[in-house]
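Take a look at the structure set out below.
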Amino acid sequence: MISKLELNIPELITELRAEPVISRQGVWDPHQTTLCGETYIRIDDSCVLCSLGVLVFQPFTSRIIRENYVTIQFLQMSGNYYHHHGGEIQHVKAGSVSLTSAQESMTEIRELRPNSSTEPTRAISIHIAREHLIQSFGLKPDLWQEEHRDAFFNRDNKSFSMANPLTPEMWLALDAVIDCKLEGTIRNLYLKAKAHELIILTAMLFNDINRPGHSSALASDERDRRLISIAAHIYRRELHNPPSIEELSRRIGMNRNKLTLGFRTLYGSTPAEYSRNIRLRWAERRLIEGIAINQVSLEAGYDSISAFSRAFKSRYGYSPSEVITGSMQADFNNYS
């Protein structure tokens, strides 16, 4: 059995003007037999953020009515989507950002990913008025080939949908949105700021679609390198609480063995070694600034000063206390 769902963007925008945040369990499916867990946040009068942290229980198709709105969809971890628009079928995979301009379209999930009913999808959509995207966020369809430009403006009943791999910057911004633990007014302000960031990054990416050498499809090796780069970004950003290799593998959608091999190839170390090295570099910098050892150890993700001190001395050959007392001088040019 395949369930059919529907979302009307102009009607949603109108509803959000009266209620800036809509969060419902099973917003599309009150019986919770297909999916549940949608949240909509009004970014402004012409833009809405949709958090797609949904549990999916069975294959489904959904109809989206846009009129003069376009959809930007960011997929980190999801099933394989098929977009039906203008008589065409587009296969959209996880790890991608897609831009769709169509009066209406159908989205289809044919096969569920493992654990789709217990582990939420990591994805968001932003629905934004076409002219707002151009005038306020710098999308430049005039730079595109005529066929793409005509399709984007839905001339002669044409429709436009194109997907590109997520950039590392997009991936980190998505993490910030999906994993946001803030509440109340500050949460809404934070998510609005992140939505603006993602829209700008999308405009920059799609402004280059007709640049010589640009391709919306990455070869497998290049896609893997980009995912490894994203994993390294995550380690650099989350110094105080680095993810385990199992968690990192899950977050970027790459198995543990390939992740380890990728780090050895690109950085000459395992993921754990890479994480430890960058945390100890950060720690040395902070010690030189005169920050107390107990605070530095916490910032670098260590549960105890003794564990931090052992790791630090093993790495540099001298103890954190020797840095504090000034008996050792760090050479920033020799960071490895």
Pairing a residue in the stretch 32-46 that is within 23 Å of ALA18 (Cα to Cα) and assigned by TED's automatic domain parsing to the domain that holds LYS194 with any residue that is in a loop (DSSP other than H, G, I, E, B) and at pLDDT 55 or above, where Cβ atoms lie under 6 Å and the two sit 6 or more apart in sequence or on different chains, gives GLY37/GLY53; GLY37/VAL54; ARG42/PRO20
Restricting the stretch 90-114 to residues that are at pLDDT below 85 and hydrophobic (A, V, I, L, M, F, W, C), the one surrounded by the most Cβ atoms within 10 Å (Cβ to Cβ) turns out to be ILE109
Among the residues of the stretch 92-114, the number that are more than 16 Å from the chain's Cα centre (by Cα) and in a loop (DSSP other than H, G, I, E, B) is 7
Quick count over the stretch 235-248, residues being buried (at least 20 other Cβ atoms within 10 Å of the Cβ) and assigned to a helix (DSSP H, G or I), is 2
Checked the stretch 115-141 for anything charged (D, E, K, R) and either crowded, with 20+ Cβ neighbours inside 10 Å or assigned to a strand (DSSP E or B) (or both); matches are ARG122
Could you please let me know if LEU198 is of a type in the set (A, V, I, L, M, F, W, C) and modelled with pLDDT of 95 or more?
yes
When the stretch 249-281 is checked residue by residue, the ones that are within 26 Å of ALA123 (Cβ to Cβ), assigned to a helix (DSSP H, G or I) and either modelled with pLDDT under 90 or of a type in the set (D, E, K, R) (or both) are SER249, ARG250, ARG251, ILE252, ARG256, LYS258
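The values are calculated or read from the model by the stated rules, or taken from the named source; none is laboratory data. For clarity, every value in this text was computed on a predicted model and none was experimentally measured. Neighbour counts are summed over all protein chains in view; Cβ atoms, including those assigned to glycine, are modelled from backbone coordinates with ideal geometry.
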